[in-house]
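The values are calculated or read from the model by the stated rules, or taken from the named source; none is laboratory data. In this text, all values refer to a predicted model and were calculated from it rather than measured experimentally. When we count neighbours, we look across all protein chains shown, and the Cβ atoms used for this are built from the backbone with ideal geometry, even at glycine.
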Ligand code: NDP
């Protein structure tokens, strides 16, 4: 059996077209352009690429974007002052600080400084709490994109065994909440989990969000399972790969996302969706 591939680029393109149309409509009807502000601290090459891609995606969809880059040694107060300025600017609808922040930075203080109604990444404690309560304001972009993929592929969720490998605040935990809200039976594995393969083999839906190249092999997958690979790992030859060993996994899974071209583009698409939503809410 060879799995059907979930094309994140194609689904993203379709959704981004709709978002661009909505943004254009908002401009015409209200004279408002959705605007995302992105703050980057330091020169991490991967973060620079992510920020560049986010800004480019905004431009292509007709959104406005503001990019603020600080050197590694910038003072925390400077970044907090910028966030306060953006919070107070009614023409800015979404604010995100690219993670990870440098180690000496108090990431929590930065994330909590963003106004919850502009927190389009959904990382503010107030928004995390709303998601936990089943009443999300902004759904974190990566898990949000994964839910859209599952929906587009009509993957049955009610009663399905969902196993998530990874428990980070930005992927694993919100993913668990979203799948739980759709009545999956959710298991979350992490670095201290024993018998990882025992759990992954039970999964009708397997989400890998670890950051370890090709660690999930075909032998760890239930035949016919839906496999979502969040991982982005740079190999020795410079090419990207996921946390799933695609070659062996695709022989066992029913549906699988590739890396690149799977979850990655959907993450940026949902960032645009959240920004548009934030802008729409200001019109009500
Ligand atoms: P984190 O490093 O924050 O979390 C990794 C998780 O994996 C932790 O919960 C850790 O467990 C767990 N883990 C580590 N080793 C093992 C192991 N051997 N077995 C089981 N679990 C393990 O990563 P993120 O969640 O931020 O990101 C995960 C991956 O997804 C990365 O490759 C990242 O680049 C990628 N990513 C991709 C995105 C996209 O748009 N495609 C968006 C965001 C992330 P513990 O908690 O015990 O340490």
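Would you confirm, using the coordinates I've provided, whether residue 102 is touching a strand residue (DSSP E or B) at 6+ places or on another chain (Cβ under 9 Å), farther than 21 Å from residue 167 by Cβ and modelled with pLDDT under 95?
Values: touching a strand residue (DSSP E or B) at 6+ places or on another chain (Cβ under 9 Å): yes; farther than 21 Å from residue 167 by Cβ: yes; modelled with pLDDT under 95: yes.
Yes; evaluated as a whole, the condition is true for this residue.
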Looking only at the range 122-156, and only at residues there that are on the phi > 0 side of the Ramachandran plot and not assigned by TED's automatic domain parsing to the domain that holds residue 179, the one that is surrounded by the fewest Cβ atoms within 10 Å (Cβ to Cβ): 134
Meets criteria (away from the ligand (no atom under 11 Å from the Cβ), assigned by TED's automatic domain parsing to the domain that holds residue 216, at pLDDT 95 or above and touching a strand residue (DSSP E or B) at 6+ places or on another chain (Cβ under 6 Å)) for residue 189: no
Failed item in (1) part of a loop (DSSP other than H, G, I, E, B); (2) in contact with a helix residue (DSSP H, G or I) (Cβ under 7 Å, 6 or more places away or on another chain); (3) within 21 Å of residue 74 (Cβ to Cβ), with residue 102 passing the rest: (2)
Counted residues, the range 157-167 - those being in contact with a helix residue (DSSP H, G or I) (Cβ under 9 Å, 6 or more places away or on another chain) and either at negative phi or free of Cβ contacts under 8 Å to residues at least 24 places away in the same chain (or both): 7
Test set (1) surrounded by fewer than 19 Cβ atoms within 10 Å (Cβ to Cβ); (2) within 25 Å of residue 147 (Cα to Cα) - residue 38 fails condition number: (1)
Hits in the range 192-217 (condition: out of contact with any strand residue (DSSP E or B) (no Cβ under 7 Å at 6 or more places or on another chain), farther than 20 Å from residue 143 by Cβ and near the ligand (Cβ under 6 Å from one of its atoms)): 192
Tabulated pairs, the range 231-255, first within 19 Å of residue 8 (Cβ to Cβ) and not assigned by TED's automatic domain parsing to the domain that holds residue 49, second part of a helix (DSSP H, G or I) and within 10 Å of the ligand (Cβ to nearest atom), C-beta under 7 angstrom, 6+ apart or interchain: 232/264
Answer from 169, 127 - the residue that is at pLDDT 95 or above, under 30 Å from residue 89 (Cβ atoms) and within 11 Å of the ligand (Cβ to nearest atom): 169
Total residues in the range 176-215, condition under 18 Å from the mean Cα position of the chain (by Cα) and over 20 Å from residue 151 (Cβ atoms): 4
Residue within the range 258-269 that is in contact (Cβ under 8 Å) with a residue 60 or more places away in the chain, assigned by TED's automatic domain parsing to the domain that holds residue 184 and more than 15 Å from the chain's Cα centre (by Cα) present: yes
